[in-house]
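Since the structure comes first, as structure tokens, the remarks are kept for the end.
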Amino acid sequence: MTPRNRAGRSAPRRAAKRVRPDGLLRELIGERSVLCLASSSRRGPWCAPLFYAPIDGGARLVFVTDPKSRHGRELAADPRAAAAVWFETADVARVRGVQLAGRVVALAGRDAARARAAFLRRHPRAAPFLAKRPHERFFAFSVARAKVTDNRRGFGFKVELAPGRARAPRGSR
């Protein structure tokens, strides 16, 4: 069967390797260092750019923030969140990114210490800033769903992932 693109036309055959959705997600999350985290409240949606570090094979992204910030307060009231991580480029053929949905939890004890260690391995220059801001806390964004876009595999290539399953849309392989 010939793969089809979104318009229903035959897609060109490629000798590309079979897609490993979880590998695409881990690759992108491992390469980038900033995510845009979105929260929401009665005041409306809000987003904040934050440095992060992946843990648990990229299933959780840890970050540090002030619990009294707008997104900190909103996430305490409603832990549902969305995030985006992307490779910025002017070349449309190299566009890559991931849209994420999940939940954010404040970390304490061993979990916070583990998050801090992972974060500082990834961002060692943050140590003096964290030392000056003891009110900042570590949080974990647990990924429930992800949609990866990778135009290196063809314009508009997307693959969706959810816990325990992954699927590539028709024409994406």
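The values are calculated or read from the model by the stated rules, or taken from the named source; none is laboratory data. What you are looking at is a predicted structure, and each value in this text was computed from that prediction instead of being measured. In this analysis, Cβ positions are derived from the backbone assuming ideal geometry, glycine residues included, and neighbour counts consider all displayed protein chains.
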Specify the residue that is surrounded by the most Cβ atoms within 10 Å (Cβ to Cβ); the eligible residues are those in the stretch 87-113 that are in contact with a Leu (Cβ under 8 Å, 6 or more places away or on another chain) and not aliphatic (A, V, I, L, M).
ARG96
For the stretch 123-141, which positions are of a type in the set (Gly, Ala, Ser) and surrounded by fewer than 18 Cβ atoms within 10 Å (Cβ to Cβ)?
ALA126, ALA127, ALA131
Before we move on, is PHE119 of a type outside the set (S, T, N, Q), surrounded by 16 or more Cβ atoms within 10 Å (Cβ to Cβ) and in contact with a Leu (Cβ under 6 Å, 6 or more places away or on another chain)?
no
So which of ASP150, ASP111 ends up being more than 15 Å from THR65 (Cβ to Cβ), of a type in the set (Asp, Glu) and in contact (Cβ under 8 Å) with a residue 60 or more places away in the chain?
ASP150
Looking at the stretch 43-151, what helices (runs of 4 or more DSSP H) fall wholly within it and have at least 2 residues that are under 24 Å from LEU24 (Cα atoms)?
109-122
Could you run through the stretch 17-56 and say how many residues are polar (S, T, N, Q), surrounded by fewer than 17 Cβ atoms within 10 Å (Cβ to Cβ) and in contact with a Pro (Cβ under 9 Å, 6 or more places away or on another chain)?
0
Of the listed residues (VAL148, VAL104), the one being within 22 Å of SER33 (Cβ to Cβ), at pLDDT 95 or above and of a type in the set (Val, Ile, Thr) is VAL104
